[in-house]
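Note sheet for the following structure.
The values are calculated or read from the model by the stated rules, or taken from the named source; none is laboratory data. Please read all numbers here as calculations on a predicted model, not as lab measurements. All Cβ positions, glycine included, derive from the backbone under ideal geometry; neighbour counts span all protein chains shown. Note: areas computed on protein heavy atoms with side chains; ligands, DNA, RNA excluded. Shrake-Rupley method; radii C 1.70, N 1.55, O 1.52, S 1.80 Å.
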Amino acid sequence: MTTAVPVKPRKPWTPGQIVLTLLGTGVSAAFLAPFAWALFTSLKSETEAVEVPPHWLPEDWTGQAWKALFETGNITNWFVNSVVVSVCVTSVVLLVSALAGYGFARTEFRGKKALMGLVMAGLMISPAVLGVPLFTTVQQMGMVDTYWGMILPQCAPAAMVYILYKFFQGIPRELEEAAFIDGAGRWRVFFTIVLPLSRPSLAAVGIFTFIASWNNFLWPYMVTNNPDLMTMPNGIATVMNSYGIQWAQLMAGGLMAGLPLIIVFVFFQRQIVAGVAHTGLAGQ
């Protein structure tokens, strides 16, 4: 004979919990409202999308904007170009940042402080300021209208080097010293001990780099005029005709461009939170 487990009555909400719940609901609604507006606008006709006063729900639901986007735009190429550029930039940044951060954290060499200061100075310079000299350099190297011209200038990750440098400083040296005593070399220690311990930080750096590269509009716009090499942000900006901006198509393209980022946040939110906690970004 089984005995029933008594169910504890649910405690009533405190005023603080109610306020926090309402506040969280309001913030969530504020963030979701632009996505809802873009989705509803993309399901309107172009005429209805520019009506004044505007209204949220379409009177005549249609997928014409999505159809026109795929028929008249080169959205497949834009998407592939964004994936290629973002994945390559993320891979190079992870490699360079990990090696440079570990070198600064664990090795002593002449000029270390000066080089670290140079890296920190990179945090204070806006990427827009470097646009003209970077373009001149890329042009002299013959990399205009190429993938490498879009990728390589985005692979100077001063902020990511600093993030991993601070994380590597927090790894106990005793772990590495024990491996050295067992006969492991510096490279083996780096790949078999340091990198596995750094997965949360590496995941955060990779995700942040991928998002920044995917959303980058200015540099790909400067370095390529070839429509076949346009990335999603640049391609969506061309959704215009002689009558002006096609707002329904623009909203459809914006949602298409944001879909990969939404997927990244949905599936990697735990890594993002863990990476922020491990790298100390929450306090910056």
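Which of the residues spanning segment 259-284 are at pLDDT below 80 and not hydrophobic (A, V, I, L, M, F, W, C)?
Selection gives Gln269, Arg270, Gln271, Gly275, His278, Thr279, Gly280, Gly283, Gln284.
Within segment 33-41, does at least one residue satisfy the condition of being of a type in the set (Ser, Thr, Tyr), outside any helix (DSSP H, G or I) and surrounded by 12 or more Cβ atoms within 10 Å (Cβ to Cβ)?
no
For every residue, the table says whether it meets (1) over 20 Å from the mean Cα position of the chain (by Cα); (2) open to solvent by less than 60 Å² (accessible area, probe 1.4 Å).
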site: Pro133; (1), (2): yes, no
site: Cys155; (1), (2): no, yes
site: Ala158; (1), (2): no, yes
site: Phe168; (1), (2): yes, yes
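Being of a type outside the set (A, V, I, L, M, F, W, C) and assigned to a helix (DSSP H, G or I) is true for just one of Thr62, Thr47. Which residue is that?
Sole residue among the options that is of a type outside the set (A, V, I, L, M, F, W, C) and assigned to a helix (DSSP H, G or I): Thr47.
Name the pairs: first residue in segment 205-229 and acidic (Asp, Glu), second residue surrounded by fewer than 22 Cβ atoms within 10 Å (Cβ to Cβ) and in a helix (DSSP H, G or I), Cβ to Cβ under 6 Å, at least 6 apart or on different chains?
Filtered contacts from segment 205-229: Asp228/Asn77.
Mind listing whichever residues of segment 214-227 are part of a helix (DSSP H, G or I), at pLDDT 85 or above and either open to solvent by less than 10 Å² (accessible area, probe 1.4 Å) or of a type outside the set (S, T, N, Q) (or both)?
Across segment 214-227, the qualifying residues are Trp214, Leu218, Trp219, Pro220, Tyr221, Met222, Val223.
For a quick check of your reading of the model, give me the residue pairs whose first member lies in segment 12-32 and is without any contact (Cβ under 8 Å) to a residue 40 or more places away in the chain, whose second is open to solvent by 70 Å² or more (accessible area, probe 1.4 Å) and among the aromatic types (Phe, Trp, Tyr), with beta-carbon atoms closer than 9 Å and at least 6 apart or on different chains.
Thr21/Trp13
Under 9 Å between Cβ atoms, at least 6 apart or on separate chains: pull out the pairs that start in segment 50-62 with a residue that is of a type in the set (S, T, N, Q) and end on any residue that is surrounded by 11 or more Cβ atoms within 10 Å (Cβ to Cβ).
That search, which allows pairs on different chains as well, returns Thr62/Leu43; Thr62/Lys44; Thr62/Ser45; Thr62/Glu48; Thr62/Ala248.
Run down Ser82, Ser126, Ser91 and say which single residue is among the small types (Gly, Ala, Ser), part of a loop (DSSP other than H, G, I, E, B) and under 24 Å from the mean Cα position of the chain (by Cα). Talk me through it step by step, then tell me what you get.
Values: Ser82 fails: part of a loop (DSSP other than H, G, I, E, B); Ser91 fails: part of a loop (DSSP other than H, G, I, E, B).
Exactly one of Ser82, Ser126, Ser91 is among the small types (Gly, Ala, Ser), part of a loop (DSSP other than H, G, I, E, B) and under 24 Å from the mean Cα position of the chain (by Cα), namely Ser126.
Quick one: in segment 195-213, of everything that is surrounded by fewer than 21 Cβ atoms within 10 Å (Cβ to Cβ) and over 15 Å from the mean Cα position of the chain (by Cα), which residue is farthest from Asn81 (Cα to Cα)?
Result: Leu197.
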